[in-house]
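K.L.:
Please find one structure pasted underneath; my questions will follow.
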């Protein structure tokens, strides 16, 4: 499916907070809803970047004409997949696009933790490291080229900060 999204790296303004910043990620869920991760310009009192905001398109000002069409493999969402290196398995529930162009997939395992009785937390992984019935595996040459053109961050998850929910903000 071809998805029309605001180009990552676009500098814009959040209309609610009136902060200026840059779009660094977007995510799309099983319903096709797109949300953007917005990095406001500036540092906090500890010298760290201020907290990112998770925003819908309607809150973004200054993005006119800064759209791109991205092919998204929606057929993967809703299917069972596995992260090959770790064995982490569950349903593919969301895609995350990073500013450098790589795609991550969010995997939600079934069940809950036996001690805490809470659902197992979902995690995102580089799609190229995952297997599943609907995931097309790249040959060694194409995989190497893809990683060179669209490197994947390591240890950098797509975090949402609203109250409640898991580390990605899902309730």
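Derivation of every value follows stated rules applied to the coordinates shown; laboratory data play no part. As the structure is a computational prediction, the values presented were derived from the model and not from experiment.
K.L.:
What residue among 31, 86, 114 has the largest mean-square fluctuation in a Gaussian network model of the chain, using Cα springs under 10 Å?
P.N.:
Judging by the Gaussian network model, the answer is 114.
K.L.:
Under the classification rounded if a/c is under 1.5, otherwise prolate if a/b is larger than b/c and oblate if not, where does the chain fall, given a ≥ b ≥ c as square roots of the Cα gyration tensor eigenvalues?
P.N.:
oblate
K.L.:
Ok, one more. Can you give the angle from 0 to 90° between the axis of helix 140-149 and the longest principal axis of the chain, with both taken from C-alpha atoms, to the nearest 10?
P.N.:
Tilt relative to the chain: about 10 degrees.
K.L.:
Further question: I want to verify a result. In a Gaussian network model of the chain, Cα cutoff 10 Å, which of these has the top mean-square fluctuation: 20, 115, 123?
P.N.:
Among 20, 115, 123, the largest mean-square fluctuation in the Gaussian network model of the chain belongs to 115.
K.L.:
Any idea how far the Cα center of the range 70-142 sits from the one of the range 1-16, in Å?
P.N.:
Between the Cα centres of the range 70-142 and the range 1-16 lies a distance of 23 Å.
K.L.:
Can you compute the helix-only [θ] at 222 nm over the chain? Use -39500 (n - 2.57) per DSSP H run of at least 4 residues, normalise by all residues, nearest 500 deg cm²/dmol.
P.N.:
Value at 222 nm, helices only: -1500 deg cm²/dmol.
K.L.:
Once a ≥ b ≥ c are taken as the square roots of the eigenvalues of the Cα gyration tensor of the range 75-149, is the result rounded (a/c under 1.5), prolate (a/b larger than b/c) or oblate (a/b not larger than b/c)?
P.N.:
Prolate, because a/c is 1.5 or more and a/b exceeds b/c.
K.L.:
For Cα pairs less than 8 Å apart in space and 6+ apart in sequence, what is the mean separation divided by the residue count of the chain, i.e. the relative contact order in percent?
P.N.:
18 percent
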